[in-house]
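Chemist: One structure, pasted below without further comment.
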Amino acid sequence: MKIRRFSLEGHEKWKSFYSDLFLNIKEKAKGKKTPSPEDIKNGYNNELKKRYQSILEMQEEISEELDKSKDYKIQNYDNSYQLAETILFSLSEYDFVDIDDEKIWDWLSLINFEKVFIPGKIKGCAIYRYCVEMDNFFSSFRHLVRGPCWAVNQYSRNARIFTCTKPYEQNDWLEQYIKVSFMREMKVMSEVCMRLYYDYSRDESIPGTSKGSKAGIFPRLRDKMSQYSKVKFLWDMNADEIIKMLPKEFNKYRENPTYKNEK
Amino acid sequence: MTQIVSNRTGRETIVKAEGKNTEIRIIAKQISERKIDTNIEIKFNEEHNFRDSYKIKLQAYESKGSAKRPWDLGVIKDLGTGNYNFTLLGMSLDRVLFRLKVIDENNFVKGEANEIKPSVKDAEDKIKINDNSSTLIPIREDKRINLPFSLDMEPDLSPILLVKSGLNMKQLFKENIQIKVLIYSSIIRQILTTYLADPAYKNCQKKEKFIEKVISNSGIQNEIPDYFKEDGKVNEDAIDWIEEITAGCINMPIIKAGKKIRYLEEFKRICLQQKEIDNEN
């Protein structure tokens, strides 16, 4: 099938369905800030499951095909990187700016709902995970389809550190990284993060590197880069030059034994 | 915590403020919903002693939003008339800012100007320079804020009242006295508190002008107290001063629809009137 864009009516149906599901889970959670896996399972009751099925069945009537989309097949994705790569391949005839549309991302949420909403496994169910809020710059990256697609489009293979988690999981590296505007826009920084903090043998980020106060981890890199950017023009530097500039506390990560030069 | 930045590499500050010494001036015009045309004029002061080989880079960004890859404006030697034209895609004229950097051969920053606000060309190609506005707090619609109103405030920039777009807030603010008083009370108090308490605003170029304006509007001439006492605690005199100035400022007499009114008094009158109607009901 080709990738589609929700019509206004279809989009409203989807948003209304998910907000009812969210509210039902919240009700089961009885005021807890984060619903437990059990609350999510109970909240997604048979009536809501039927409602999802009915939207899925009528999706062709409430959406329009994207002309230039290539064939898209839902697969068993090991991680968000694979999900994003598959979607972006199908949309490769478009510039990202032309597909960065909440009606497309949310249609993809609907189609992939069973991959990105797995009761019992998901640890959160916030609305922005499934219904993108383009008006809200930061939460738009938390959408489980748009976030990984944005990262893979922006950083290609270096996006793996931000998308190595399961498609139904929010990636903390992406969450921490996108908050820092000068790093987010500077593509070379994703390569720096991969080389320092990615375990190439396990295909995942090195645990405990995305946040905290340990020496040499990402928040320290962010602070150092912020300091260097006052003195040096980082945009014209490559990953080797940036890594070389880092102080001793980064040695542990600079000598990442799993690093594979993929160029 | 405020970051303290030393200047061991001798970075020069490039003048962005409008005046006879202005070194960079950016004029922007919204062409379509997602497109902004910019005209950039650069004329560096010779006292900077920038070498001919130094590169000039200009970056567009949005406060709390996206940033573009910096534009390469060539090297000092080729600056010529210093006139450049660029088109920006996917940014809002309301939020766009620029930063200019002059870089040496080893990528060290030798000169900079940050948070450059463009002058805006309107539909008739007239340039509006924000700094000359007599408005106390400019209002701008913004779809990104979560609450109905918010304050956009950064050192060296005029504070801006942001109102949520799509809620008709801008119009309501202009027409509805209750909304105006509630928003003004909160925003003026917040700006004054920030100016007095936050060390990042110690040398803010806009601070003095704003405080002068609110003092003059309020008609109160008390000395401005320090926000913190010597023991580091908040000085209650400062809190009282902020409350007094805010109230005075909102209550200054203005002419509305040919009538002289005071917003705070009008606010009280409307509230009491509403109370009577409720009682009758």
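The values are calculated or read from the model by the stated rules, or taken from the named source; none is laboratory data. Here the structure is a predicted model, which means the values were calculated and not measured. Glycine gets a Cβ as well: all are built from the backbone with ideal geometry, and neighbour counts include every protein chain shown. All accessible areas refer to the heavy atoms of the entire protein, side chains included, with ligands and DNA or RNA removed. Shrake-Rupley method; radii C 1.70, N 1.55, O 1.52, S 1.80 Å.
Chemist: Counting only residues 5 or more places away or on other chains, whose amide H sits under 5 Å from the amide H of residue B:151 once H atoms are built in the peptide plane?
Modeler: Under 5 Å from the amide H of residue B:151 lie the amide H atoms of B:162, each far enough along the sequence or on another chain.
Chemist: With everything on Cα atoms, drop me the angle between helix B:207-218 and the longest principal axis of chain B, reported from 0 to 90° to the nearest 10.
Modeler: With both axes taken from Cα atoms, the answer is about 20 degrees.
Chemist: Ok, one more. Provide a whole-number value for the mean count of partner chain Cβ atoms within 10 Å of the Cβ atoms in peptide A:167-180. Write out the running numbers ahead of the final one.
Modeler: Values: counts 0, 0, 0, 0, 0, 0, 0, 0, 0, 0, 0, 0, 0, 0.
For peptide A:167-180, the averaged partner shielding equals 0.
Chemist: Take every residue in peptide B:69-76, count the Cβ atoms of other chains within 10 Å of its Cβ, and give the average of those counts. The partial results should precede the final answer.
Modeler: Values: counts 4, 5, 0, 2, 0, 0, 0, 0.
Across B:69-76, the average partner-chain Cβ count within 10 Å equals 1.
Chemist: Can you tell me, using C-alpha contacts under 8 Å and at least 6 residues apart, the relative contact order of chain A as a whole percent? Please report the intermediate quantities before stating the final value.
Modeler: Details: 344 pairs, mean separation 44.5, N = 263.
With pairs under 8 Å counted, the relative contact order is 17 percent.
Chemist: Quick one: Karplus J couplings for the stretch A:85-90, per residue in order, coefficients 6.51, -1.76, 1.60, θ = phi - 60°, nearest Hz, x for Gly and Pro?
Modeler: Going residue by residue, I get 4, 5, 5, 5, 5, 5 Hz, with x marking Gly and Pro.
Chemist: Binning at 10 Å from 0, report for the stretch A:136-263 what percent of all alpha-carbon pair distances ends up in each bin.
Modeler: 12, 47, 34, 6, 0
Chemist: Continuing with this model, one more query. Given the protein chains as shown and a 1.4 Å probe, how many square angstrom of residue B:244 are accessible, to the nearest 10?
Modeler: 80 Å²
Chemist: From other protein chains only, count the Cβ atoms within 10 Å of every residue's Cβ in B:105-115, then give the mean. Write down the numbers at each step before the final one.
Modeler: Values: counts 0, 2, 9, 3, 6, 1, 0, 2, 0, 1, 0.
Shielding by partners across B:105-115 averages 2.
Chemist: Given the protein chains as shown and a 1.4 Å probe, how many square angstrom of residue A:71 are accessible, to the nearest 10?
Modeler: Number for this one is 90 Å².
Chemist: Springs between alpha-carbon pairs under 10 angstrom, Gaussian network model over chain B: which of B:180, B:35, B:268 fluctuates most?
Modeler: B:268
Chemist: To continue, here is another question. In bins 10 Å wide, starting from 0, what share of all Cα pairs of the stretch A:13-57 does each bin hold, as a percent?
Modeler: Once binned at 10 Å, the Cα pair distances of the stretch A:13-57 give 31, 50, 18, 1.
Chemist: GNM on chain B, C-alpha springs below 10 Å: top fluctuator among B:248, B:111, B:19?
Modeler: Of B:248, B:111, B:19, the Gaussian network model singles out B:19 as fluctuating most.
Chemist: Antiparallel as a % of all DSSP beta bridges within the protein assembly as shown, to the nearest 5?
Modeler: Working: 50 of 58 bridges.
Antiparallel bridges make up about 85 percent of those DSSP assigns within the protein assembly as shown.
Chemist: Give the value in nm², to one decimal: projected area of the alpha carbon convex hull of the protein assembly as shown, averaged over all directions. Please list the in-between numbers first.
Modeler: Working: hull surface 133.0 nm².
Its Cα hull, projected and averaged over all orientations, spans 33.2 nm².
Chemist: Quick one: Karplus J couplings for the stretch A:138-154, per residue in order, coefficients 6.51, -1.76, 1.60, θ = phi - 60°, nearest Hz, x for Gly and Pro?
Modeler: 6, 6, 5, 7, 8, 5, 5, 9, 5, x, x, 5, 4, 5, 5, 5, 6
Chemist: I'd like the Karplus ³J(HN,Hα) series for the stretch B:40-54: coefficients 6.51, -1.76, 1.60, θ = phi - 60°, whole numbers in Hz, and an x wherever there's a Gly or Pro.
Modeler: Couplings: 10, 10, 10, 9, 6, 5, 5, 5, 5, 6, 5, 6, 4, 7, 5 Hz.
Chemist: Around residue B:245, with a cut-off of 13 angstrom between Cβ atoms, what is the net charge of the other residues, counting Lys and Arg +1 and Asp and Glu -1? Show your work: numbers first, answer last.
Modeler: Details: positive: B:189, B:213; negative: B:212, B:223, B:237, B:240, B:243, B:244.
Every neighbour counted, the sum reads -4.
Chemist: Kindly provide the pair-distance distribution of chain A built from C-alpha pairs, with 5 Å bins from 0 and whole-percent values in order of increasing distance.
Modeler: Final binned percentages: 1, 6, 12, 16, 17, 15, 12, 9, 6, 4, 2, 0.
Chemist: Further question on the same structure: About the Cα centre of chain B, how large is the charge dipole given +1 on each Lys and Arg Cβ and -1 on each Asp and Glu Cβ? Please answer in debye to the nearest 20.
Modeler: Values: 46 positive and 44 negative charges, 184 e Å.
Charge dipole of chain B: 880 debye, to the nearest 20.
Chemist: If DNA, RNA and ligands are ignored and the probe is 1.4 Å, what is the ranking of B:267, A:141, A:89 by accessible area, most exposed first?
Modeler: Numbers: B:267 45, A:141 10, A:89 125 Å².
Result, largest first: A:89, B:267, A:141.
Chemist: Per the 1.4 Å probe, what fraction of the accessible area of the stretch A:1-91, in percent, lies on carbon and sulfur atoms?
Modeler: Summing carbon and sulfur atoms, their accessible area is 47 percent of the total for the stretch A:1-91.
Chemist: Order the following by accessible area, largest value first: A:41, B:233, B:110. Probe radius 1.4 Å; ligands, DNA and RNA are ignored. Before the final figure, lay out the partial values.
Modeler: Working: A:41 105, B:233 130, B:110 45 Å².
Correct descending sequence by accessible area is B:233, A:41, B:110.
Chemist: Helix-derived [θ] at 222 nm for the protein assembly as shown: sum -39500 (n - 2.57) over DSSP H runs of at least 4, divide by residue count, nearest 500?
Modeler: On the way: 20 runs with 204 residues, N = 544.
Result for the protein assembly as shown, helices only: -11000 deg cm²/dmol.
Chemist: While we're here: Where does helix A:102-111 land angle-wise versus the long Cα axis of chain A, in degrees 0 to 90, nearest 10?
Modeler: 70 degrees
Chemist: Which of the residue pairs A:230/B:170; B:68/B:213; B:29/B:170 have a Cα-Cα distance greater than 32 Å in the structure shown? Intermediate values should be presented prior to the final figure.
Modeler: On the way: A:230/B:170 38 Å; B:68/B:213 36 Å; B:29/B:170 22 Å.
Correct reply: A:230/B:170; B:68/B:213.
Chemist: For chain A, find the longest principal axis of its Cα atoms and tell me its angle to the long axis of helix A:46-57, 0 to 90°, nearest 10.
Modeler: 80 degrees
Chemist: Which order do you get for A:27, A:169 if you rank them by accessible area with a 1.4 Å probe, largest at the top?
Modeler: Working: A:27 130, A:169 65 Å².
Final ranking, largest accessible area leading: A:27, A:169.
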